[in-house]
Amino acid sequence: MAKPLIFMMGRSPAFLPTDRRYARNHMWAEAVEDGWRVGLSAYAVKLLGDLSHLEWSVEVGAPVEARQQIGFVEGSKATSELFAPLAGEVRRINPAVVADPTLLNSNLYDTGWLLVLSAADAGLLSPDEYLAHLAACWPVAQRILKGQAGGDHGR
Amino acid sequence: MADSIPVILSKARPDRPDRARMDAQLVEGLSGRPGVELHVLPHVYDLAPDGPGVEFLRPISGPMIVLAWLYPRSTFWVLDAHGVRGRLGQAASLAGDEPEPPPQAKAPNAPDGPDRTIWCVDLRAHDRAEPCLDEIGRIVDAALEPAAPEGLPAGALPDLIDEATRPRWYPVVDYGRCTNCLECLNFCIFGVYGLDASERIVAEEPDACRPGCPACARICPAGAIMFPEHADPAIAGDPAASADGLKLDLSQLFGGADPAHLAAGERDRALSEKQRREEEPPGEKVTPPAQDDLDRLVDELDDLDL
């Protein structure tokens, strides 16, 4: 396999395999026979910390809009709602990662996949484009995170 | 010492048939059990303020066991909001599974509950009825000590308290944490909060709350406000998740909004939905607190098309 791209989050590297595509909401997407298999990128997982909880608010068979809120995830450092990276239909949900969210830490690009969406490749990014997107996001993300951690919410 | 203890089963909401099965197994397992006086109620969070369920619970003056599909902390403070007070007992400490939690420093606002224990059991902690029944058995033994269970009279048939409920949505205040800072009172624009006769914050108009809006829970500096049916454990009352205040929320970075903005957004969306639903002419303009820096940051984020 080709060497992954690396985005440096401060001193911490986030690896981005080049055999798949990425969504702007920090998910990876890999073409499979019944659609796109998606999961969280290393960038997202590093921000969340050790994953402890994952739940879905959609079921297999449900149609989803792009950016629709579809789930919720909690890690040691942060929580987040999860949003659909593409419009389509939920084809499969990975039960293993619901039962053991730490798969997102240990095997995020393989057995830690989240779900399969039937969808067209609408607006997915190449690894290089995602790397550029991360470079653009990172300064703002850092300021947002520092603002939250400071607890004053900018007021 | 009493020879039986009331066991209150707060049933799952009707939209959860999976949970209803476990409710039925618990009723079967507890009916006629020595020492157990079983009462079955609709979901405790959905009980009307002066409905039959609350009217039944209020006069119980001794210890009781409450089984509910909620965190024990949420169940306890929901009961408190209904005027049913005591000390929170948690079964996990009896099993020796977890160390007894250190006594919380008493917040200035904590009420003096009556000297009785309300044991709260989280039914979501088990996927089968048996371990729940074991846990309940341990509590009954502890609560009725020193009477040996075999010496107890057989329990009565379950008592069904009938109340037509519908799903409610309102904030529940943990007065063990609340510092009466009144941030929630200032933040909520739906008039949910008020002060009682002793100037203590209360959810005065709980049903004025907008369903789905947990904004005041995010804004509370003490992590004292719970929405027991919210998906986020920190908001639903998980003491571990919310002990150090709410965690960072990355929803804005992952496609949503950051907490303060998220909170204001949730509130404002709930308001516009209310206005749309009621087809009211837009009334007094509601201006969220000035957050220029934050707004600028969020605008930058929007520009990035996350």
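The values are calculated or read from the model by the stated rules, or taken from the named source; none is laboratory data. For clarity, every value in this text was computed on a predicted model and none was experimentally measured. When we count neighbours, we look across all protein chains shown, and the Cβ atoms used for this are built from the backbone with ideal geometry, even at glycine.
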Task: Residue identified as touching a residue at least 24 places away in the same chain (Cβ under 8 Å), part of a strand (DSSP E or B), away from chain B (no Cβ under 14 Å) and not basic (Lys, Arg) among A:36, A:28 - done: A:36
Open item on the list: I need a count of the residues in the stretch A:1-25 that are more than 14 Å from chain B (Cβ to nearest Cβ) and under 24 Å from residue A:118 (Cα atoms).
Closed with: 6
Open item on the list: Every residue in the stretch A:65-83 that is hydrophobic (A, V, I, L, M, F, W, C), crowded, with 19+ Cβ neighbours inside 10 Å and either more than 7 Å from chain B (Cβ to nearest Cβ) or touching a residue at least 24 places away in the same chain (Cβ under 8 Å) (or both), please.
Closed with: A:70, A:73, A:78, A:82, A:83
Task: Number of the condition not met by residue B:181 [criteria: (1) assigned to a loop (DSSP other than H, G, I, E, B); (2) buried (at least 20 other Cβ atoms within 10 Å of the Cβ)] - done: (2)
TODO: Could you tell me which of the residues A:51, A:134 is more than 9 Å from chain B (Cβ to nearest Cβ), closer than 27 Å to residue B:219 by Cβ and surrounded by 17 or more Cβ atoms within 10 Å (Cβ to Cβ)?
DONE: A:51
Open item on the list: So the check is Cβ under 7 Å with 6+ separation or different chains; which pairs have a first residue in the stretch B:120-148 that's outside the structural domain of residue B:22 (by TED's automatic domain parsing) and aromatic (Phe, Trp, Tyr) and a second one that's assigned to a helix (DSSP H, G or I) and modelled with pLDDT under 85?
Closed with: none
Task: Identity of the residue in the stretch B:58-70, surrounded by fewer than 24 Cβ atoms within 10 Å (Cβ to Cβ) and touching a helix residue (DSSP H, G or I) at 6+ places or on another chain (Cβ under 7 Å), that ends up farthest from residue B:118 (Cα to Cα) - done: B:69
- [ ] For residue A:122, state whether it is touching a residue at least 12 places away in the same chain (Cβ under 8 Å), within 12 Å of chain B (Cβ to nearest Cβ) and either surrounded by fewer than 14 Cβ atoms within 10 Å (Cβ to Cβ) or outside any strand (DSSP E or B) (or both).
- [x] no
